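Asks: Let me give you the structure first, and then I'll get to my questions.
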Amino acid sequence: MFRRVSEQFTAMFRRKAFLHWYTGEGMDEMEFTEAESNMNDLVSEYQQYQDATADEEVDYEDEDEEEVPQDI
């Protein structure tokens with residue numbers, strides 16, 4: 001979800017769509033650049049957690065397979 005929002009934001013910010021509304025109220029373009037960077041950092045952090053969770057699930061599946069007795 002965050003990745004999609006980030007991609008849409010980047011596309012609109014490159015075109016400077018609606019930017020005049022915000023700069024007219026006192027915001028600076030640098031604030032948008034910083035917000036974009038923060039969002040990209042957040043996406044990367046969540047991706048790391050997702051990857052770590054996926055690795056743990058694979059480890060648990062491997063352990064389950066090893067515990068099955070082969071006495072048949």
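Asks: Give the residues of region 1-29 that are polar (S, T, N, Q), under 30 Å from residue 50 (Cβ atoms) and free of Cβ contacts under 8 Å to residues at least 24 places away in the same chain, sorted by residue number.
Replies: If the condition is that a residue be polar (S, T, N, Q), under 30 Å from residue 50 (Cβ atoms) and free of Cβ contacts under 8 Å to residues at least 24 places away in the same chain, then 8 is the only one that fits.
Asks: Out of the residues in region 1-36 that are under 16 Å from the mean Cα position of the chain (by Cα) and among the aliphatic types (A, V, I, L, M), which is surrounded by the fewest Cβ atoms within 10 Å (Cβ to Cβ)?
Replies: Here the residue is 1.
Asks: Quick check on region 42-68: of everything there that is at pLDDT 90 or above and among the hydroxyl-bearing types (Ser, Thr, Tyr), which residue is farthest from residue 6 (Cα to Cα)?
Replies: 49
Asks: Just one of the numbered conditions (1) under 14 Å from the mean Cα position of the chain (by Cα); (2) modelled with pLDDT of 95 or more is not true of residue 39; which one?
Replies: The one condition residue 39 does not meet is (2).
Asks: Consider region 22-45. How many of its residues are hydrophobic (A, V, I, L, M, F, W, C) and not in a helix (DSSP H, G or I)?
Replies: Residues that pass the stated criteria total 1.
The values are calculated or read from the model by the stated rules, or taken from the named source; none is laboratory data. All values derive from a computational prediction rather than experimental measurement. Every residue, glycine among them, receives a Cβ derived from its backbone with ideal geometry; neighbour counts consider all protein chains shown.
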